[in-house]
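Here is the structure we will look at, set down as structure tokens.
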Amino acid sequence: MQFDSFSAFLDMGGYAFYVWLSFGVTFGAMILLVVLSFHQHKGLLKSVLKEQQRQVRIKEAREKSHASSAR
Amino acid sequence: MWKWLHPYAKTENAYQLCVTLQPWLWLGALLCLAVGTVWGLAFAPQDYQQGDSFRIIYIHVPSAMLSMGTYVAMAIAALVGMVWQWRTAYMSMIAMAPVGAVMTFIALFTGAAWGKPMWGAWWVWDARLTSELILLFLYIGVIALYGAFEDKQQAGKAAGVMALVGVVNIPIIHYSVEWWNTLHQGATISKFDQPSIAPEMLWPLLISLFGFAFFIGAVTTVRLRSEIVRREMHRPWVQKLAQATSENS
């Protein structure tokens, strides 16, 4: 360890603001990117499923109306 | 020689490859970033001139190098898409673009936060800084151009041309510190003779660099999977996949 105490570590030799700002924004941006990417993927899969169910419903409705018009 | 690559032109195979690679990439990213950051912040020796402010190097240099690396990878993907008419190549191109843009933003931001205590200014219109800012605009341009087309095959071609043309900016960024008088210091590790950094400072930097590289790979696989699902929505295998995921959750 390069620092004598934990508070010295936090102080970063007087550059605390710049060092912690950099690391904070960096990892904040990276985490945000990860969260958004996963969120997007989940949403997409959900919308695929929705679209699929809609197609099934359309098909069923069509068959029903065919059946009733045939009678 | 490139025959092993051919199956991955098929989206289903590319998707499966992403799924297989992903856990390893995340593991590598987490491990390397944790080790590199802790080592760099707490255990690496102080710089004799810059004191502890130099510790920003452990995120600034990896993100800056890989913002260029990702751009080159993106341009190669665009070239492959154009030459061999691979749809998956365009998909990987657009999967990489936002990741590279975030890396460029990080490089610019950490550079500003390092410049303020060292140079006394958050920003100067210096060759290195300006060319890196242009890189950010190139990424944003590629993303915007791709988004502007309804037909995604056309979108891939247009954005691909832009990505390829933008490659001229990469050597400009790299050599900007040599070609122009600049506030920015010269290269630290990418010099051909000897890196101008002590080994006990270099090791955490290299580990950090690998961490960022793994991270970019991991996020790209996630985004590529999304892009494939978006483009192949009506394929049976995607529909099966969507059903399987909804049953699991």
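Bear in mind these aren't lab numbers, they're just calculated from the coordinates by the rules spelled out. As the structure is a prediction and not an experimental result, all values here were calculated from the model. Note that we place each Cβ from the backbone using ideal geometry, even for glycine, and neighbour counts take in every protein chain shown.
Going by alpha carbons, how many degrees (0 to 90, nearest 10) lie between the helix axis of B:87-119 and the longest principal axis of chain B?
Long axis of B:87-119 versus the principal axis of chain B: about 20 degrees.
Within a Cβ distance under 15 Å of B:V102, other residues only, what is the Lys/Arg minus Asp/Glu net charge? Spell out each step's value before the answer.
On the way: positive: B:R223; negative: B:E132.
Computed value for this residue: 0.
Is chain B best put as rounded, prolate or oblate by its Cα gyration tensor, with a ≥ b ≥ c the root eigenvalues, rounded for a/c under 1.5, and otherwise prolate when a/b is larger than b/c, oblate when not? Don't skip to the answer; put the middle values down first.
Values: a/c = 2.34, a/b = 1.62, b/c = 1.45.
Prolate.
Using only Cα positions of segment A:6-70, each an equal point scatterer, no hydration layer, compute I(q)/I(0) via Debye at q = 0.15, 0.17, 0.18, 0.24 Å⁻¹ and quote the log10 values to two decimals.
Normalising to I(0) and taking log10 leaves -0.70, -0.76, -0.79, -0.95.
Calculate the mean, over all residues of peptide B:209-217, of how many other protein chain Cβ atoms lie within 10 angstrom of the residue's Cβ.
Working: counts 0, 0, 0, 2, 0, 0, 3, 2, 0.
Other-chain Cβ atoms within 10 Å of each residue's Cβ, averaged: 1.
Roughly how many Å is it from the Cα centre of segment B:35-49 to that of segment B:151-222, as a whole number?
One Cα centre to the other: 22 Å.
Chymotrypsin sites (Phe, Trp or Tyr not before Pro), restricted to segment B:110-199: which are DSSP loop and have at most 16 other Cβ atoms within 10 Å? The partial results should precede the final answer.
Values: sites: B:W114, B:W119, B:W122, B:W123, B:W125, B:F137, B:Y139, B:Y146, B:F149, B:Y175, B:W179, B:W180, B:F192; in loops: B:W122, B:W123, B:W125, B:F149, B:W180, B:F192.
Loop-located and lightly packed - B:W122, B:W123, B:W125, B:F149, B:W180, B:F192.
Does anyone have the angle between helix B:11-38 and the longest principal axis of chain B? Alpha-carbon axes, 0 to 90°, nearest 10?
Long axis of B:11-38 versus the principal axis of chain B: about 20 degrees.
Please give the helix A:16-70 orientation as an angle from the longest Cα principal axis of chain A, in degrees from 0 to 90, rounded to the nearest 10.
Helix A:16-70 and the main axis of chain A meet at about 0 degrees.
Can you give the mean number of other chain Cβ atoms that lie within 10 Å of the Cβ atoms in peptide A:29-41? Intermediate values should be presented prior to the final figure.
Numbers: counts 6, 12, 0, 1, 12, 6, 0, 5, 11, 4, 1, 7, 8.
The mean count of partner-chain Cβ atoms within 10 Å per residue comes to 6.
Using a 10 Å cut-off on Cβ to Cβ distances, tally the other chain neighbours for every residue of B:32-44 and report the average as a whole number.
Numbers: counts 0, 3, 0, 0, 0, 3, 0, 0, 1, 7, 5, 3, 1.
What the average comes to for B:32-44 is 2.
Around A:W20, under 13 Å between beta carbons, what's the net of Lys plus Arg minus Asp minus Glu among the other residues? Could you put the intermediate results ahead of the total?
Values: positive: B:R55; negative: A:D11, B:D52.
Local net charge: -1.
What are the extents of the Cα atoms of the protein assembly as shown along their three principal axes, in Å, largest first?
In descending order, the Cα extents are 92, 43, 39 Å.
Which of B:K10/B:K152; B:K157/B:K240; B:K3/B:K152; A:K59/B:K240; A:K50/B:K240 have a Cα-Cα distance over 22 Å?
From B:K10/B:K152; B:K157/B:K240; B:K3/B:K152; A:K59/B:K240; A:K50/B:K240, over 22 Å: B:K157/B:K240; B:K3/B:K152.
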